[in-house]
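The values are calculated or read from the model by the stated rules, or taken from the named source; none is laboratory data. The structure displayed is predicted, hence computed values, not measured ones. No Cβ is skipped: glycine too gets one built from the backbone with ideal geometry, and neighbour counts run over all protein chains shown. Ligands, DNA and RNA are excluded from the accessible area calculation, which covers all protein heavy atoms including side chains. Shrake-Rupley method; radii C 1.70, N 1.55, O 1.52, S 1.80 Å.
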Amino acid sequence: MNIYITGDCHGDFSKIKYFCKTHNTTKEDIMIILGDVGLNYYLNKRDEKNKKELQKLPLTFLLLQGNHEKYAKNIKGYVKKSIETEQIKGEFYTQDEYPDLLFFINGNNYFINDLHILTLGGAYSVDKWYRLANHYAWFEDEEMTEEEQTDFINKIKTTPTGVDIVLSHTCPYSYMPTHLFLANVDQSTVDNRTERFLDVVEKNIPYRYWFCGHFHADEQLWDKGFMLYDETWKIDKGGIEICI
């Protein structure tokens, strides 16, 4: 079993389909998507179509929450399921119709092929007011609550536990790719609460690698931190490598 990881899809799975063909994947292989997948945005048959499309592919998907989607925890039809197999250990939100689409729970720890992984999804939407003004979907639960973030920080400060990999949708504040900020967005109006929360996490928990998405670019943001969008990487106990 291989573990792969890539960035935002927003409902366009062409890169995933191409990857399956070029790497001869099977359902034994895992693909992690770092949020804004495109499955819980419209909350109607359009989402169902996308779910069916992914479910058919020769991969098992582990999915992080982004900011252009509702948190699976708060969507009718999803149930929390504890999975403990030889390869995957942890709790996920999933639907019976799509057993290979597993949604991470924010703030939880997972063991995937013996890799210890921490998941911290969600982010603030800089297009929030545009979406609301134009009657597009925006979700109040796009970020962990302040209480959830505070509780998590208190937990890691009192009981620090190192991990192999941290997965987040956005990145810690210290490593924000300012050159990728949208020119038409007044940054003084942007809520950076989640990025500042991730900054505290990054400084208080030992880790080997950190992966994030959100900014629609492929870059190394710091010595142990990688932002993915088009690229797909392979991860295992031995390290990380770019596949495509």
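Considering only residues of region 131-159 that are open to solvent by 90 Å² or more (accessible area, probe 1.4 Å) and part of a loop (DSSP other than H, G, I, E, B), which is nearest to Asp191 (Cα to Cα)? Write out each step before concluding.
To start, the set of residues in region 131-159 that are open to solvent by 90 Å² or more (accessible area, probe 1.4 Å) comprises 135-136, 140, 146-147, 155, 157-158.
If we keep only those that are part of a loop (DSSP other than H, G, I, E, B) as well, we get 135-136, 140.
Working: His135: 21, Tyr136: 20, Glu140: 13 Å.
Looking at residues that are open to solvent by 90 Å² or more (accessible area, probe 1.4 Å) and part of a loop (DSSP other than H, G, I, E, B), I get Glu140.
Just checking, how many residues over region 67-98 are of a type outside the set (Ser, Thr, Tyr), more than 15 Å from Leu43 (Cβ to Cβ) and touching a strand residue (DSSP E or B) at 6+ places or on another chain (Cβ under 9 Å)?
Qualifying residue count for the region: 12.
For region 194-223, how many residues meet the condition of being over 16 Å from Leu34 (Cα atoms), loosely packed, with under 15 Cβ neighbours inside 10 Å and free of Cβ contacts under 8 Å to residues at least 40 places away in the same chain?
3
If I filter region 176-192 for residues that are surrounded by 15 or more Cβ atoms within 10 Å (Cβ to Cβ), in contact (Cβ under 8 Å) with a residue 40 or more places away in the chain and in contact with a helix residue (DSSP H, G or I) (Cβ under 7 Å, 6 or more places away or on another chain), do I get at least one hit?
There is at least one residue in region 176-192 that is surrounded by 15 or more Cβ atoms within 10 Å (Cβ to Cβ), in contact (Cβ under 8 Å) with a residue 40 or more places away in the chain and in contact with a helix residue (DSSP H, G or I) (Cβ under 7 Å, 6 or more places away or on another chain).
Taking the options Lys70, Lys27, Lys21, name whichever one is of a type in the set (Lys, Arg) and within 16 Å of the chain's Cα centre (by Cα).
Numbers: Lys27 fails: within 16 Å of the chain's Cα centre (by Cα); Lys21 fails: within 16 Å of the chain's Cα centre (by Cα).
None of the other options fit; the residue is Lys70.
Each row is one residue, and each column tells you yes or no for (1) over 27 Å from Ile3 (Cβ atoms); (2) at pLDDT below 95.
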| position | (1), (2) |
| --- | --- |
| Glu146 | yes, no |
| Trp210 | no, no |
| Thr232 | no, no |
| Ile242 | no, yes |
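Checking the condition at pLDDT below 95 and either open to solvent by less than 10 Å² (accessible area, probe 1.4 Å) or not acidic (Asp, Glu) (or both), which residue from Thr94, Thr60, Thr85 passes? Quick ask: steps written out before the conclusion?
Values: Thr94 fails: at pLDDT below 95; Thr60 fails: at pLDDT below 95.
After applying the criteria, what remains is Thr85.
What number of residues within region 224-234 are open to solvent by less than 60 Å² (accessible area, probe 1.4 Å) and among the acidic types (Asp, Glu)?
1
From the residues in region 231-240 that are in a loop (DSSP other than H, G, I, E, B) and in contact with a strand residue (DSSP E or B) (Cβ under 8 Å, 6 or more places away or on another chain), which one is nearest to Ile165 (Cα to Cα)?
Applying the first criterion (in a loop (DSSP other than H, G, I, E, B)) to region 231-240 yields 231, 237-238.
Adding the requirement that they be in contact with a strand residue (DSSP E or B) (Cβ under 8 Å, 6 or more places away or on another chain) leaves 231, 237.
Details: Glu231: 18, Lys237: 10 Å.
Checked region 231-240; the qualifying residue nearest to Ile165 (Cα to Cα) is Lys237.
Could you give every pair whose Cβ atoms fall below 8 Å, whose first residue belongs to region 231-242 and is more than 21 Å from Cys9 (Cβ to Cβ), and whose second residue is of a type in the set (A, V, I, L, M) and surrounded by 15 or more Cβ atoms within 10 Å (Cβ to Cβ), counting only separations of at least 6 or pairs across chains?
Here the result reads Asp236/Ile3; Asp236/Leu115; Lys237/Leu115, each pair linking region 231-242 to a residue that is of a type in the set (A, V, I, L, M) and surrounded by 15 or more Cβ atoms within 10 Å (Cβ to Cβ).
What are the pairs with Cβ atoms under 7 angstrom where one residue, in region 80-101, is more than 23 Å from Glu48 (Cα to Cα) and the other, located anywhere, is of a type in the set (Ser, Thr, Tyr)? Sequence gap at least six, or different chains.
Final answer for the pair search is Lys89/Tyr110; Gly90/Tyr110.
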